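Okay, so here's the structure we're looking at.
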Amino acid sequence: MVRVPPPQPITNRNSSSGFLLYNFLMIHIFAAIDCEVKALKHLVSDDLEIVLTGIGKVNAAFAVGRTFHHGLTRQDLSSDVIINIGTCGSKDLHGLFMVNKITDDATGRDYYPDILRVEGLNEASLITVDEVKTDPEPGYLYDMEGSAIYQAGSKLISPDRIIFLKMVSDKGDVSGVTEESVNALVESYVPQNR
């Protein structure tokens, strides 16, 4: 169980009025497309936002940068959390995974989210590609945004507060993947007692 400390007031140094800001937990859920988070929209609140990035690394990095540019007015992002939720392809893996390693296929660079082990949740390595991988290697997950979200997010958020949750939607052939099938896949992992 993770304990979140109570909000601590900090002075807004840009304000001559002495207005107080609070250091609070803010969760930023990043997903490429709407159907990957449609089942989660009821969670949106003052401390949780859902950001649609669009497909691909450039769109993802831009969305993270834009989100945190606006958030910098709070001055303290040390309690913020990034969660990338999305679908992925895999030749032989099935289900929901927490990502423990991300490899950018174009650059060969590896990134390691500093994750805590979650009982009952399998871990896997993710390879971020520029185009859909039609012939995936066994034992890996494939997406198109993960490495960019990690790179952009880790500029402001510590790696232990960046989490990647991926659901396998295909084996490299996305012709059968529809908005409805992705929404149903995500809903299958959302607790029914909302």
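The values are calculated or read from the model by the stated rules, or taken from the named source; none is laboratory data. Please read these numbers as outputs of a predicted model, since none were measured by experiment. No Cβ is skipped: glycine too gets one built from the backbone with ideal geometry, and neighbour counts run over all protein chains shown. SASA here: full protein model, heavy atoms, side chains in, ligands and nucleic acids out. Shrake-Rupley method; radii C 1.70, N 1.55, O 1.52, S 1.80 Å.
In this model, which of LYS38/LYS171; LYS133/LYS166; LYS91/LYS166; LYS38/LYS155; LYS41/LYS101; LYS41/LYS155 are farther than 19 Å apart at the alpha-carbon?
LYS38/LYS171; LYS38/LYS155; LYS41/LYS101; LYS41/LYS155
Give me the one-decimal nm value for the distance between modelled label points at LYS91 and ARG117, 7 Å along each residue's Cα-to-Cβ direction.
Going from the LYS91 label point to the ARG117 one covers 2.8 nm.
Taking the stretch 105-194, which GluC sites (Glu not before Pro) meet the DSSP loop condition and have no more than 14 other C-beta atoms within 10 Å? Kindly include the intermediate steps, with their values, before the conclusion.
Numbers: sites: GLU119, GLU123, GLU131, GLU145, GLU179, GLU180, GLU187; in loops: GLU119, GLU131, GLU145.
Those satisfying the criteria are GLU119, GLU131.
I need the Debye-formula profile for the stretch 24-117: one equal scatterer per C-alpha, no solvent, reported as log10 I(q)/I(0) at q = 0.13, 0.14 1/Å, two decimals.
-0.53, -0.61
Express as a percent, rounded to the nearest 5, the fraction of DSSP beta bridges in the stretch 83-191 (both residues included) that run antiparallel. Don't jump to the answer; show the numbers that get you there.
Numbers: 6 of 24 bridges.
Here the share of antiparallel DSSP bridges comes out near 25 percent.
At a 1.4 Å probe, what is the % contribution of carbon and sulfur to the accessible area of the stretch 109-194?
46 percent
Dividing the convex hull volume of the alpha carbon atoms of the stretch 78-194 by its residue count, what do you get in Å³ per residue?
Spelled out: Cα convex hull of the stretch 78-194, divided by residues, is 116 Å³.
Under 5 Å between amide H atoms, partner at least 5 residues away or on a different chain: which partners does GLY172 have, H built in plane at 1.01 Å?
For GLY172, the qualifying residues are SER90.
Which trypsin sites (Lys or Arg not before Pro) in the stretch 75-132 pass both tests, a DSSP loop state and at most 10 other beta-carbon atoms within 10 Å?
Filter output for the stretch 75-132: ARG117.
Can you work out ³J(HN,Hα) from phi for every residue in the stretch 133-147, in order, using Karplus 6.51 cos²θ - 1.76 cosθ + 1.60 and θ = phi - 60°, giving whole Hz and x for Gly and Pro?
Values, residue by residue: 8, 7, 10, x, 6, x, x, 10, 9, 10, 9, 10, 10, x, 5 Hz.
Counting pairs of Cα atoms in the stretch 133-181, how many percent are more than 18 Å apart? Before the final figure, lay out each step's value.
Details: 532 of 1176 pairs.
Within the stretch 133-181, distances greater than 18 Å cover 45 percent of Cα pairs.
Using DSSP to call loops (not H, G, I, E or B), can you name the chymotrypsin sites (Phe, Trp or Tyr not before Pro) in the stretch 86-194 whose Cβ has at most 15 other Cβ atoms within 10 angstrom?
Hits after loop and neighbour filter: TYR189.
Mind checking the full-extension length gain between ALA106 and PHE62? Use 0.36 nm per residue of separation minus the Cα-Cα distance, one decimal, nm. Can you show the working numbers first?
Details: separation 44, 0.36 × 44 = 15.84 nm, distance 1.80 nm.
Taking ALA106 through PHE62 to full extension adds about 14.0 nm, to one decimal.
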